[in-house]
Amino acid sequence: MGKLNVAIIFGGSSSEYKVSLQSAGSVIKNLNRDKYLPVLIGISQEGEWLYFTGDVEEIEKDTWQGKNCIPAALSPDRKARGILLFRENQVDIVKIDVAFPVLHGKNGEDGTVQGLIELAGIPLAGCGILASALCMDKDRAHKLVEGAGISVPKARVFDARGCKNRTSEARAEVSTEVRTFEAGTSKSRASEKKEMMGEISDFAEKIGYPLFVKPVKAGSSFGVTKVGEAAHLKEAVELALLYDNQVIVEENIEGFEVGCAVLGNEELTVGEVDEIELSGGFFDFTEKYTLKTSAIHVPARISGGKAREIQEAAKVIYKTLGCSGFARVDMFLTPEGKVVFNEVNTIPGFTEHSRYPGMMKAAGHSFGEVLEKIIELAF
């Protein structure tokens with residue numbers, strides 16, 4: 001058999017564009033060239049798709065856009081099963097055997113690109129449309145996981161028009177409010193915002209400080225604030241709304257964060273559990289990629305029994321949310337030993353120093369082996 005053409009899709013219209021470049025660089029370097037031929041598809045921050053034929057170092061340095069690029073698009077035609085290249089006087093096609101999106105955050109990890117790949121009839125490495133969308137939505141993911149018997153933080157969702165997450169009986173009222181608002185006969189935007197902040201303040205007092213304010217759908221802790229007192233609540237909400245039209249206000253869970261790398265479709269392989277040690281604050285974007293004041297321990301400094309409990313919880317969460325291929329499941333471990341769900345990253349960081357490869361390496365699986373398994377699972 002000849003080599004398989006693997007479309008590595010990187011970049012993206014996301015606040016995590018540069019993180020994707022680093023992850024993609026590591027994937028490309030560790031791909032088994034005896035079996036796979038990487039077909040490099042970059043997406044600029046403006047959303048332009050480009051077929052890239054230059055060196056991987058240009059991707060990592062973010063100097064890849066230029067002479068080594070040809071405008072491109074993934075064909076939705078299931079007979080084509082490939083990438084269209086728009087040359088000066090003709091359109092060519094590069095056949096694709098499997099697509100491996102190495103994208104983080106919105107417009108890449110949220111089911112959008114996955115939908116295009118599945119529409120094209122190309123095998124997809126990683127989670128599909130539904131799982132990708134669910135895992136990006138913190139509120140819906142929490143509700144499903146709680147239904148599976150795993151603890152989640154106390155939380156409530158609020159949107160920019162002041163309509164908080166309500167019971168099913170009240171949703172008709174919300175719909176009417178929105179239609180009235182759009183007709184121009186509702187309260188002013190300022191009044192709506194004031195009402196929303198009042199509801200948020202009431203809920204914050206109920207669950208107590210410190211607490212977290214997050215965009216409902218965003219990755220890598222963008223727009224996330226740990227709020228220690230009421231005076232900083234409004235500022236945190238405004239920051240979160242820069243990344244999404246909904247915010248989730250969530251209780252702080254005492255203890256520390258643990259993670260579990262999961263690999264597989266039906267039969268699941270898990271990596272060693274890791275532990276995030278913080279000296280203060282929380283594991284925000286800066287800490288994730290610099291570790292200035294924090295450390296990651298693999299394996300986690302917990303008992304073997306507790307590690308197995310976390311691994312089993314990760315499997316339940318992975319299957320509950322319909323994940324496939326691979327994902328990293330993040331949880332909290334409280335001082336009392338209780339496991340509480342945090343979130344699932346369906347395309348976690350993929351540099352050689354990232355948590356997912358690190359957990360798999362600690363369990364005896366090399367980076368190259370993990371990549372090969374992910375590609376095999378796509379079929």
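Could you count how many residues in the stretch 113-163 are open to solvent by 50 Å² or more (accessible area, probe 1.4 Å), in contact with a Lys or Arg (Cβ under 9 Å, 6 or more places away or on another chain) and outside any strand (DSSP E or B)?
Selection size over the stretch 113-163: 4.
Is it the case that some residue within the stretch 234-245 is open to solvent by 10 Å² or more (accessible area, probe 1.4 Å) and in a strand (DSSP E or B)?
Checked the stretch 234-245: no residue is open to solvent by 10 Å² or more (accessible area, probe 1.4 Å) and in a strand (DSSP E or B).
Just checking, does the stretch 92-101 include any residue being outside any strand (DSSP E or B) and within 30 Å of TYR243 (Cβ to Cβ)?
No, the conditions are met nowhere in the stretch 92-101.
Which condition number does LYS214 fail, the rest of (1) modelled with pLDDT of 75 or more; (2) outside any strand (DSSP E or B) being met?
With (1) modelled with pLDDT of 75 or more; (2) outside any strand (DSSP E or B) applied to LYS214, the lone miss is (2).
Looking only at the stretch 97-112, count how many residues are surrounded by fewer than 23 Cβ atoms within 10 Å (Cβ to Cβ), in contact (Cβ under 8 Å) with a residue 40 or more places away in the chain and either acidic (Asp, Glu) or within 21 Å of SER44 (Cα to Cα) (or both).
Qualifying residue count for the region: 3.
Every residue in the stretch 89-131 that is more than 11 Å from the chain's Cα centre (by Cα), over 21 Å from LYS373 (Cα atoms) and not aliphatic (A, V, I, L, M), please.
Of everything in the stretch 89-131, those that are more than 11 Å from the chain's Cα centre (by Cα), over 21 Å from LYS373 (Cα atoms) and not aliphatic (A, V, I, L, M) turn out to be ASN89, GLN90, ASP92, LYS95, THR112, GLY115.
Going through the stretch 59-83 one residue at a time, which ones are outside any loop (DSSP other than H, G, I, E, B) and buried (at least 18 other Cβ atoms within 10 Å of the Cβ)?
The answer is ILE59, GLU60, CYS69, ALA72, LEU74, GLY82, ILE83.
When only residues in the stretch 33-58 that are under 25 Å from LYS361 (Cα atoms) and open to solvent by less than 50 Å² (accessible area, probe 1.4 Å) count, which is farthest from the chain's Cα centre (by Cα)?
Checked the stretch 33-58; the qualifying residue farthest from the chain's Cα centre (by Cα) is TYR36.
Give the residue, chosen from GLU254, GLU195, GLU277, that is in a strand (DSSP E or B) and open to solvent by 50 Å² or more (accessible area, probe 1.4 Å).
Of GLU254, GLU195, GLU277, the one residue that is in a strand (DSSP E or B) and open to solvent by 50 Å² or more (accessible area, probe 1.4 Å) is GLU277.
Find the residue count for the stretch 105-127, including only residues that are under 20 Å from ASN5 (Cα atoms) and touching a helix residue (DSSP H, G or I) at 6+ places or on another chain (Cβ under 8 Å).
The total comes to 7.
Kindly indicate the residue of the stretch 303-345 that is open to solvent by 30 Å² or more (accessible area, probe 1.4 Å) and of a type in the set (A, V, I, L, M, F, W, C) and also farthest from VAL249 (Cα to Cα) among those meeting that condition.
VAL316
Do you know which of the residues in the stretch 1-20 that are under 15 Å from the mean Cα position of the chain (by Cα) and surrounded by fewer than 22 Cβ atoms within 10 Å (Cβ to Cβ) is nearest to LEU84 (Cα to Cα)?
My answer is SER13.
If I go through the stretch 247-258 residue by residue, how many of them are closer than 16 Å to ARG140 by Cβ and under 17 Å from the mean Cα position of the chain (by Cα)?
Within the stretch 247-258, residues that are closer than 16 Å to ARG140 by Cβ and under 17 Å from the mean Cα position of the chain (by Cα) number 2.
If only one of LYS214, LYS234 is closer than 19 Å to LYS106 by Cβ and basic (Lys, Arg), which one is it?
Every option except LYS214 fails the conditions.
Hey, LEU40 hits all of (1) in contact (Cβ under 8 Å) with a residue 60 or more places away in the chain; (2) in a strand (DSSP E or B) but one; which does it fall short on?
Status for LEU40: all satisfied but (1).
What's the total number of residues in the stretch 198-211 that are in a helix (DSSP H, G or I) and open to solvent by 10 Å² or more (accessible area, probe 1.4 Å)?
Number of matching residues: 8.
Anything in the stretch 368-379 that is assigned to a helix (DSSP H, G or I) and either open to solvent by 40 Å² or more (accessible area, probe 1.4 Å) or in contact with an Asp or Glu (Cβ under 6 Å, 6 or more places away or on another chain) (or both)? List them, or say none.
Within the stretch 368-379, GLU369, LYS373, GLU376 meet the criteria.
The values are calculated or read from the model by the stated rules, or taken from the named source; none is laboratory data. Predicted model only: the values in this text are computed from it and were never measured. Please note: Cβ atoms are built from the backbone with ideal geometry, for glycine as well, and neighbour counts cover all protein chains shown. Side chains are part of the model used for accessible areas, which takes the heavy atoms of the whole protein and leaves out ligands, DNA and RNA. Shrake-Rupley method; radii C 1.70, N 1.55, O 1.52, S 1.80 Å.
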